[in-house]
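Written out below as C-alpha coordinates is the structure these notes cover.
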Amino acid sequence: MKENERFQKVYSQGKLKGTEIWVDKETGVNYLFVQHGYAGGLTPLLDKEGKPVISPVENK
(Lines give C-alpha, C1' and ligand atoms only; values in the text may rest on other atoms or scores of the structure.)
Protein backbone atom coordinates (compact mmCIF):
# COMPACT_ATOMS: atom_id res chain seq x y z
CA MET A 1 0.00 0.00 0.00
CA LYS A 2 1.25 3.46 -0.86
CA GLU A 3 2.13 5.67 2.09
CA ASN A 4 0.07 8.62 0.78
CA GLU A 5 -3.22 6.73 0.39
CA ARG A 6 -6.00 8.39 2.38
CA PHE A 7 -7.94 5.30 3.53
CA GLN A 8 -6.66 2.31 5.48
CA LYS A 9 -8.49 -1.01 5.94
CA VAL A 10 -8.36 -1.92 9.64
CA TYR A 11 -10.80 -4.88 9.74
CA SER A 12 -11.94 -7.52 7.28
CA GLN A 13 -14.25 -10.54 7.62
CA GLY A 14 -15.69 -12.91 5.03
CA LYS A 15 -15.31 -13.24 1.26
CA LEU A 16 -18.60 -13.51 -0.68
CA LYS A 17 -20.42 -11.74 2.16
CA GLY A 18 -17.69 -9.35 3.25
CA THR A 19 -17.52 -6.80 6.04
CA GLU A 20 -14.71 -4.25 6.27
CA ILE A 21 -13.92 -1.19 8.35
CA TRP A 22 -11.92 1.59 6.69
CA VAL A 23 -10.41 4.63 8.44
CA ASP A 24 -9.89 8.01 6.78
CA LYS A 25 -6.31 8.84 7.79
CA GLU A 26 -6.94 12.61 7.53
CA THR A 27 -10.12 12.85 9.64
CA GLY A 28 -10.04 9.61 11.65
CA VAL A 29 -13.66 8.81 10.67
CA ASN A 30 -14.39 5.06 10.50
CA TYR A 31 -16.52 3.67 7.65
CA LEU A 32 -18.34 0.33 7.44
CA PHE A 33 -18.29 -1.36 4.02
CA VAL A 34 -20.47 -4.43 3.46
CA GLN A 35 -20.59 -6.46 0.25
CA HIS A 36 -22.76 -9.37 -0.79
CA GLY A 37 -21.82 -10.80 -4.17
CA TYR A 38 -21.83 -7.90 -6.64
CA ALA A 39 -23.70 -5.47 -4.35
CA GLY A 40 -22.22 -3.35 -1.59
CA GLY A 41 -22.67 -0.32 0.60
CA LEU A 42 -20.57 2.17 2.55
CA THR A 43 -21.65 4.20 5.58
CA PRO A 44 -19.98 6.01 8.48
CA LEU A 45 -19.62 3.72 11.51
CA LEU A 46 -21.71 5.18 14.37
CA ASP A 47 -21.48 4.80 18.14
CA LYS A 48 -24.47 4.17 20.44
CA GLU A 49 -25.29 7.91 20.51
CA GLY A 50 -25.40 8.10 16.70
CA LYS A 51 -22.10 10.00 16.40
CA PRO A 52 -19.34 8.90 13.98
CA VAL A 53 -16.61 6.67 15.41
CA ILE A 54 -13.34 8.61 15.14
CA SER A 55 -9.91 7.02 15.57
CA PRO A 56 -6.88 9.04 16.67
CA VAL A 57 -5.10 10.66 13.70
CA GLU A 58 -1.34 10.60 13.40
CA ASN A 59 0.02 14.15 12.97
CA LYS A 60 2.46 14.46 10.09
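The values are calculated or read from the model by the stated rules, or taken from the named source; none is laboratory data. Computed from a prediction, not measured in an experiment: that's the story for all the values here. No Cβ is skipped: glycine too gets one built from the backbone with ideal geometry, and neighbour counts run over all protein chains shown. Accessible surface is based on the protein model in full, side chains and every heavy atom, while ligands, DNA and RNA are left aside. Shrake-Rupley method; radii C 1.70, N 1.55, O 1.52, S 1.80 Å.
The table below gives the values:
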| read-out | value |
| --- | --- |
| Inter-site label distance for residue 53 and residue 31 at 7 Å from Cα along Cβ, in nm | 1.5 nm |
| Accessible surface of the chain [probe 1.4 Å, protein heavy atoms]: carbon and sulfur percent | 55 percent |
| Size of the chain as Cα extents on the principal axes (Å, biggest first) | 38, 34, 15 |
| Count of lysine pairs in the chain with Cα separation under 29 Å (8 or more residues apart, or interchain) | 19 |
| Cβ-based net charge around residue 28, under 12 Å, with every Lys or Arg adding one and every Asp or Glu removing one | -1 |
